[in-house]
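Student: Just dropping this structure here.
The values are calculated or read from the model by the stated rules, or taken from the named source; none is laboratory data. Bear in mind that the values here come from a model prediction, so they are computed numbers and not experimental data. So basically every Cβ, Gly included, is an ideal-geometry build from the backbone, and we count neighbours across all protein chains shown. What goes into the accessible areas is simple: the full protein's heavy atoms, side chains included, and nothing from ligands, DNA or RNA. Shrake-Rupley method; radii C 1.70, N 1.55, O 1.52, S 1.80 Å.
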2 protein chains.
Amino acid sequence: MAETKPQTIYDIARLAEASPSTVSAALNGNWKKRRIARATVERIQRIASEHGYSANQQARALRTAKSGLVGMILPQHDNRFFSSVGQCFSNEARARGGLPAIVSTRRERDQEVEAVRQLISYSVDALMLVGTTHPEELSAICRAENVPHVFVDQPCQGAPSVVTDNRGGARALAEILLQAAPDAGEADTVFLGGNADLPATSLRILGYQDALRSAGRQGRVIACGYRRAPTRDALTREYERRGRLPEVLLVNSIGCLEGVLEFLVTLPLDEVDQCQLGSFDFDPFGRLLRHPIPMVRQRADELIRVAYDHLDGGTWSRDSFDPIIVAPELILPDDDHFTRVNQPALPVG
Amino acid sequence: MAETKPQTIYDIARLAEASPSTVSAALNGNWKKRRIARATVERIQRIASEHGYSANQQARALRTAKSGLVGMILPQHDNRFFSSVGQCFSNEARARGGLPAIVSTRRERDQEVEAVRQLISYSVDALMLVGTTHPEELSAICRAENVPHVFVDQPCQGAPSVVTDNRGGARALAEILLQAAPDAGEADTVFLGGNADLPATSLRILGYQDALRSAGRQGRVIACGYRRAPTRDALTREYERRGRLPEVLLVNSIGCLEGVLEFLVTLPLDEVDQCQLGSFDFDPFGRLLRHPIPMVRQRADELIRVAYDHLDGGTWSRDSFDPIIVAPELILPDDDHFTRVNQPALPVG
DNA sequence: CGATTCTGCGCAATCGATGGTGCAGAATTG
DNA sequence: CAATTCTGCACCATCGATTGCGCAGAATCG
């Protein structure tokens with residue numbers, strides 16, 4: 001027990017009076033092919049477990065070119081959606097005996113490239129690339145090194161991708177809001193937040209427009225980025241210019257929602273009450289507002305599950321690389337599983 | 001460019017007309033000791049970078065017993081505090097050229113033990129253990145394998161730990177709330193949430209009591225666990241029993257705060273207005289409530305920075321293992337910037 | 001000019017696990 | 001009983017990078 005230091009296959013071999021190759025075969029399951037006697041196998045396994053032996057993964061990886069490491073590139077950990085993605089990835093990776101290595105790269109190209117290179121230098125068995133800004137470049141690196149990979153949340157030309165149904169989700173959310181404000185005109189119907197150059201936002205805008213069109217109505221788009229403060233300021237300017245809030249306000253992304261609420265709390269309650277608010281992205285606090293708001297929640301679990309199946313199903317080397325689409329959840333205030341008493345009073349507003 | 005497949009030190013050696021050992025020396029900086037001519041070094045480096053060579057980390061790790069991997073055990077990714085810890089860890093690890101491997105273990109003993117073993121089998125250079133439930137057991141494993149490690153957010157006997165000043169933070173928060181409700185009696189002064197058996201909660205309770213004592217007042221504690229629904233129910237029962245809300249309510253942890261708000265939104269506004277609410281743990285939505293509430297934010301960045309310094313400063317093998325205490329921030333509703341709690345570090349235990 | 005000291009670099013062993021190959025001895029067959 | 005087939009296992013090369021050691025040839029010294 002004191003000399004637990006040198007725990008190699010050779011130590012076990014000596015203790016079990018067998019050769020290293022026999023020990024190796026006994027411990028990794030292919031002793032059948034190598035015709036090792038069952039008694040020998042059991043003796044070796046017993047000794048190995050008594051001594052808490054576990055194989056040096058570096059050596060194994062060097063020999064077999066399979067490391068057991070699975071890499072993920074993520075914009076950031078500290079974000080509700082991405083942290084949830086990280087959680088699901090960690091679960092899946094470990095369920096399959098792998099070791100997750102998650103690297104956050106802040107949506108910066110250089111960091112993304114460096115992280116991919118670093119992960120590859122560790123011989124990762126596969127790579128999952130979430131919300132990256134330069135998918136094609138990263139995919140080229142992976143392809144050159146022959147590393148299986150899949151993109152999540154952001155599609156990539158010529159590589160497998162799994163993304164949320166941004167368009168469908170936005171459309172469903174917009175329909176809810178439009179129904180609640182049947183008389184809102186174009187000027188009073190607003191999609192707020194996000195970056196229209198990125199696929200996610202542009203698809204959500206399309207979904208919003210789908211809903212408008214099928215209701216025979218019109219609306220506006222203010223794509224002011226993903227950050228809190230600029231969104232707050234954009235809404236403030238809008239309010240000051242028109243003297244009132246929009247009647248329909250579809251907020252794109254959780255950071256933007258915070259910005260919107262920051263402004264709304266400065267207004268009289270009855271003005272806020274006139275505004276049909278919805279959010280594409282989920283935060284539990286959304287249910288705690290004066291009027292709980294409808295939210296679209298991306299299904300991190302499904303995204304990762306599908307992406308992973310894709311990797312070890314080998315589907316990743318198909319002919320066509322059309323993105324796989326995962327439907328998000330629409331979370332409505334009234335299918336809340338907690339029954340609310342009386343008319344809601346409000347922490348917010 | 002097409003044949004980027006076999007990128008080993010031998011390939012580079014052939015291209016540079018040198019031997020593998022020379023290439024190795026040239027690329028990892030110790031060519032000075034090995035008396036390699038500067039011209040040779042430059043030729044090798046040029047060729048290596050032209051071909052995008054980077055060393056196989058498994059092979060290097062096998063030889064040197066240093067992997068560059070740094071492991072972290074975390075209860076979960078999808079939590080504001082822990083995801084922030086993960087983010088800081090990832091930043092620090094990569095700044096030092098390491099590869100972060102973060103494993104979430106759901107506060108379950110078996111998962112914690114297995115994860116530590118798994119990480120060790122990858123020859124991690126160091127291990128950071130955050131919010132674990134069985135620190136002593138994990139520390140014993142690390143010690144047996146001679147792996148440097150440090151605990152964060154949860155102290156461990158006989159191992160280095162870095163923790164938030166829970167007592168000081170809770171005291172500062174309680175003082176704010178008590179001042180705002182100078183006449184609240186014992187029955188109307190409540191600390192709600194958490195698990196009194198765990199060090200974090202019990203220290204926060206002590207801090208709350210410190211504040212009470214120095215104000216010559218009394219209060220109660222309801223430690224109903226860390227989860228949302230039980231907290232909501234506990235507050236509901238309290239309200240029904242006494243016919244009103246407490247005048248001072250210090251909520252312990254972010255999940256509990258959600259539970260509290262879930263109940264508060266069912267009450268008339270004026271009742272809610274009577275209650276001085278504060279939260280130990282930060283959520284940006286806390287600033288967006290009808291009355292923005294004071295919150296204590298643990299400084300994930302500091303915790304990790306100190307823990308990391310500890311690891312590579314070698315401080316981790318000192319004589320005494322008193323936890324290192326990091327002061328949290330007190331975030332007040334009326335501040336735009338954050339106030340630092342400046343309490344003397346109190347002994348943990 | 002022979003002896004010593006540098007310079008510059010290559011040889012080969014090593015880290016630990018794996019798997020192709022082959023060799024004894026036992027069991028079976030003709 | 002000799003020939004063949006099976007069993008059970010050990011030997012050894014290998015993965016790629018590192019490093020102790022040592023060997024040529026050039027430079028310097030006496």
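Student: Just tell me which aspartates and glutamates come within less than 16 Å, Cα to Cα, of B:Lys32; anything on the same chain fewer than 8 places away is out.
Tutor: Output for B:Lys32: B:Glu42.
Student: Next question. Cα centroids of the range B:279-299 and the range B:227-255: how far apart, whole angstrom?
Tutor: 17 Å
Student: Taking all protein chains as present, what is the carbon and sulfur share of the accessible area of the range B:9-55, in % to the nearest whole number, probe 1.4 Å?
Tutor: The computed percentage sits at 48.
Student: Kindly tabulate the residues in the range A:241-265 with an accessible-area decrease of at least 20 Å² between the chain alone and the assembly of all protein chains, using a probe of 1.4 Å.
Tutor: So the qualifying set is A:Glu258, A:Leu261, A:Glu262, A:Val265.
Student: Arrange the residues A:Tyr122, B:Tyr226 by how much accessible surface each exposes, largest first, with a 1.4 angstrom probe.
Tutor: From most exposed to least exposed: B:Tyr226, A:Tyr122.
Student: Just need log10 I(q)/I(0) for the range B:9-55 at q = 0.16, 0.23 Å⁻¹, Debye formula, equal scatterers on the alpha-carbon atoms, no solvent, rounded to two decimals.
Tutor: With no solvent term, the Cα-only Debye profile gives -0.32, -0.68.
Student: Taking a probe of 1.4 Å, how large is the accessible area per residue of the protein assembly as shown, in Å²?
Tutor: 44 Å²
Student: Just to make sure I understand: if all protein chains stay in place, what is the order of B:Asp273, A:Asp197 by accessible area at 1.4 Å, largest first?
Tutor: Result, largest first: A:Asp197, B:Asp273.
Student: Could you tell me which of A:Pro100, A:Phe321, A:Thr266 has its Cα farthest along the dipole of chain A towards the positive end, charges placed at Cβ (Lys, Arg +1; Asp, Glu -1), taken about the Cα centre?
Tutor: The one lying farthest along the dipole's positive direction is A:Pro100.
Student: Let a ≥ b ≥ c be the square roots of the eigenvalues of the Cα gyration tensor of the range A:166-294; is it rounded (a/c under 1.5), or, if not, prolate (a/b larger than b/c) or oblate?
Tutor: Taking the square roots of the gyration eigenvalues as a ≥ b ≥ c, the range A:166-294 is rounded.
Student: Using a/c under 1.5 as the rounded threshold, could you call the range B:35-156 rounded, prolate or oblate? The axes a ≥ b ≥ c are square roots of the C-alpha gyration tensor eigenvalues, and prolate needs a/b larger than b/c, oblate otherwise.
Tutor: It comes out prolate by the Cα gyration axes.
Student: Further, regarding this structure: Applying 1/(1 + (r/R0)^6) with R0 = 60 Å to the Cβ-Cβ distance of A:Gln157 and B:Asn195, what FRET efficiency is obtained, to the nearest 0.05?
Tutor: 0.75
Student: Then there is this: Just reorder B:Ile205, B:Ile325, A:Ile325 by solvent-accessible area, largest first, 1.4 Å probe, all chains present.
Tutor: A:Ile325, B:Ile325, B:Ile205
Student: Per-residue Cβ counts within 10 Å, from other chains only, averaged over A:73-84: what number is that?
Tutor: 5
Student: Can you give me the Rg/Rh ratio for chain A, using Cα atoms for both radii and the Kirkwood formula for Rh?
Tutor: Here the Rg-to-Rh quotient is 1.14.
Student: Do any residues of the range A:115-141 show a loss of at least 30 square angstrom of accessible area between the isolated chain and the full protein assembly, using a 1.4 Å probe, and if so which?
Tutor: Flagged in the range A:115-141: A:Gln118, A:Ser121, A:Tyr122.
Student: Counting only the heavy atoms of the protein chains, how much of A:Phe82 is accessible to a 1.4 Å probe, in Å² to the nearest 10?
Tutor: 10 Å²
Student: Now for a different question. With every protein chain left in place and a probe of 1.4 Å, what is the accessible surface of A:Lys32, to the nearest 10 Å²?
Tutor: About 140 Å², rounded to the nearest 10.
Student: Based on C-alpha coordinates, I'd like the Rg and Dmax of the protein assembly as shown, in Å.
Tutor: Both quantities, over Cα of the protein assembly as shown: 28.3, 87 Å.
Student: Given a 1.4 Å probe and every protein chain left where it sits, what share in percent of the accessible area of the range B:166-297 is carbon and sulfur?
Tutor: Carbon plus sulfur share of accessible area: 47 percent.
Student: While we're on this one: With just the Cα atoms defining each centre, how far is the range A:98-135 from the range B:60-107? Give it in Å.
Tutor: 14 Å
Student: What total accessible surface area, summed over both chains, is buried at the interface between chains A and B, computed with a 1.4 Å probe and given in Å² to the nearest 100?
Tutor: So the total buried area for this chain pair works out to about 5600 Å².
Student: Using a Gaussian network for chain A with springs between C-alpha atoms less than 10 Å apart, which of these wobbles most: A:Ala215, A:Ala39, A:Ala55?
Tutor: Result: A:Ala39 has the largest fluctuation of those listed.
Student: In peptide B:290-300, what is the residue-averaged number of other protein chain Cβ atoms found within 10 Å of each Cβ?
Tutor: The mean count of partner-chain Cβ atoms within 10 Å per residue comes to 1.
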